[in-house]
Amino acid sequence: MTNFIVFLTDDQGYGDLSCMGCSDFQTPNLDRMADEGARFTSWYSNSPVCSPSRAALLTGRYPGNAGVRQILAGHRTASGLPMGIPTIGSALQTLGYKTFMTGKWHLGLHPDSRPNAQGFDHWYGFMAGCIDYYSHIFYWGSNRGGPGQNPTHDLWEDNKEIWDNGSYFTEMITKKAVEYIRKAHSENVPFFLYVPYNAPHYPMHAPKEYMERFPNLPWDRQIMAAMLSAVDDSIGEILREVKQLGLAETTCSFFTSDNGPSRESRNWLDGNLDPYYGGISGGLKGHKFSLYEGGIRLPGIMHWPNHIPEKQVLDAPCASMDIFPTLLDIAGGDQTNFELDGINILPYILGNSDPSERPIYWEMGNQTAVREGPWKLTIN
């Protein structure tokens, strides 16, 4: 059976990979992943903000059909992804898979919305929208005085709160991912591993050794390069472990981001709107919170050695909600058992179909958008 890994970054723009045109820093491991598989030039998230886009990825549905239309609260009783809606994890569990999550959840803190209740056998990470990378404290909104909005420690493993103060969270995610892969391998079971990194979401933190790789970049760009280089190194470490365990040809991986780059003042302190400031959207209009292309059009890579053709560059519009039906088909599941808005894109990747004329829809507050073929309409 085929194993699956889904890598997700947070607030990463379309232009912030060297294989997507970034010229001031390199992402060699993700470039290699793309070179050995398929790179999508019209890959979309299903929302320009994190909770709805994550809900769509995990359920294969539009955010509204998944029950998550907006950014979810971070206090410890916050509701989120509803019970009863199948996720990739729960679907693969029924097919004999072990399922793991390590990283950022942001789909609710109520017991019914936590990863273990949504298809994951084991999980590690945090449940709110962001944390300090070293203290693992969620403190956004701490000066607002509302219930549950005080600084709150947010690091967990299988619903047990744990502490690891001083460790850099990107590296912590990776260490746990490797442990999970080894665990599944030792038990000789197929696995699904969901690895949602919180980088490069604010706060802008990176170890000194990564910052020192880019001494000639301005600070905002230097720390973005450092954070994404840490992610790139981490993905390389995970894929090397897969290869060393002899699982490379039986492991299918996806990489994408949840939405476009942030222009929020708490991200860059002064809210500078220079298009080069921090993360970049590769020349696309818009950013996080926007349904223009820069808010929802993102890097997309599929990697499955000796199963899909290498060095592919594919331009038909595809979306994160397509990951669920694609993995389900590869695993031998029956899509007719699920209510899915996404489609299986494996035939497209193998050259047997073209989804270009399928319409894809978005909503965000008072914004709506649709793309069909080469045409896109955005209404604000």
Among the numbered criteria (1) farther than 21 Å from Phe191 by Cα; (2) surrounded by 17 or more Cβ atoms within 10 Å (Cβ to Cβ), which one does Asp354 miss?
(2)
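Look through the stretch 129-176, keep the residues that are assigned to a strand (DSSP E or B) and either under 21 Å from the mean Cα position of the chain (by Cα) or crowded, with 16+ Cβ neighbours inside 10 Å (or both), and return whichever of them is modelled with the lowest pLDDT. Lay out the reasoning, then the answer.
At the first step, the residues of the stretch 129-176 found to be assigned to a strand (DSSP E or B) are 137-138, 152-153, 156-157, 160-161.
In the following step, the residues that additionally are either under 21 Å from the mean Cα position of the chain (by Cα) or crowded, with 16+ Cβ neighbours inside 10 Å (or both) were identified as 137-138, 152-153, 156-157.
Values: Ile137: 94, Phe138: 90, Thr152: 86, His153: 91, Trp156: 97, Glu157: 98.
Top of the filtered list is Thr152.
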Quick check on this structure: which one of Gly103, Gly108, Gly96 is surrounded by 21 or more Cβ atoms within 10 Å (Cβ to Cβ) and part of a loop (DSSP other than H, G, I, E, B)?
Gly108
Subset of the stretch 211-222, residues closer than 15 Å to Cys22 by Cβ and buried (at least 16 other Cβ atoms within 10 Å of the Cβ), comes to Phe214, Leu217, Asp220, Arg221, Gln222
Of the numbered conditions (1) among the hydroxyl-bearing types (Ser, Thr, Tyr); (2) modelled with pLDDT of 95 or more; (3) out of contact with any Leu (no Cβ under 7 Å at 6 or more places or on another chain), Thr378 fails exactly one; give the number of that condition.
(3)
Helices (runs of 4 or more DSSP H) contained entirely in the stretch 270-380, each with at least 2 residues that are farther than 19 Å from Phe7 by Cα and of a type in the set (A, V, I, L, M, F, W, C)
none
Within the stretch 23-82, can you find the residues that are without any contact (Cβ under 8 Å) to a residue 40 or more places away in the chain, in a loop (DSSP other than H, G, I, E, B) and of a type in the set (A, V, I, L, M)?
Val68, Leu81
Selection over the stretch 30-58 where residues are under 20 Å from His106 (Cβ atoms) and of a type in the set (D, E, K, R) yields a count of 1
Of the numbered conditions (1) over 17 Å from Val6 (Cα atoms); (2) of a type in the set (Phe, Trp, Tyr); (3) in contact (Cβ under 8 Å) with a residue 24 or more places away in the chain, Tyr210 fails exactly one; give the number of that condition.
(3)
Listed residues Val6, Val49; which is surrounded by 23 or more Cβ atoms within 10 Å (Cβ to Cβ) and hydrophobic (A, V, I, L, M, F, W, C)?
Val49
Report yes if some residue within the stretch 340-347 is crowded, with 21+ Cβ neighbours inside 10 Å and out of contact with any helix residue (DSSP H, G or I) (no Cβ under 8 Å at 6 or more places or on another chain); otherwise report no.
no
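The values are calculated or read from the model by the stated rules, or taken from the named source; none is laboratory data. All of these numbers come straight from a predicted model, not from anything done at the bench. Don't worry about glycine lacking a Cβ; one is built from the backbone with ideal geometry, like all the others, and counts go over all protein chains shown.
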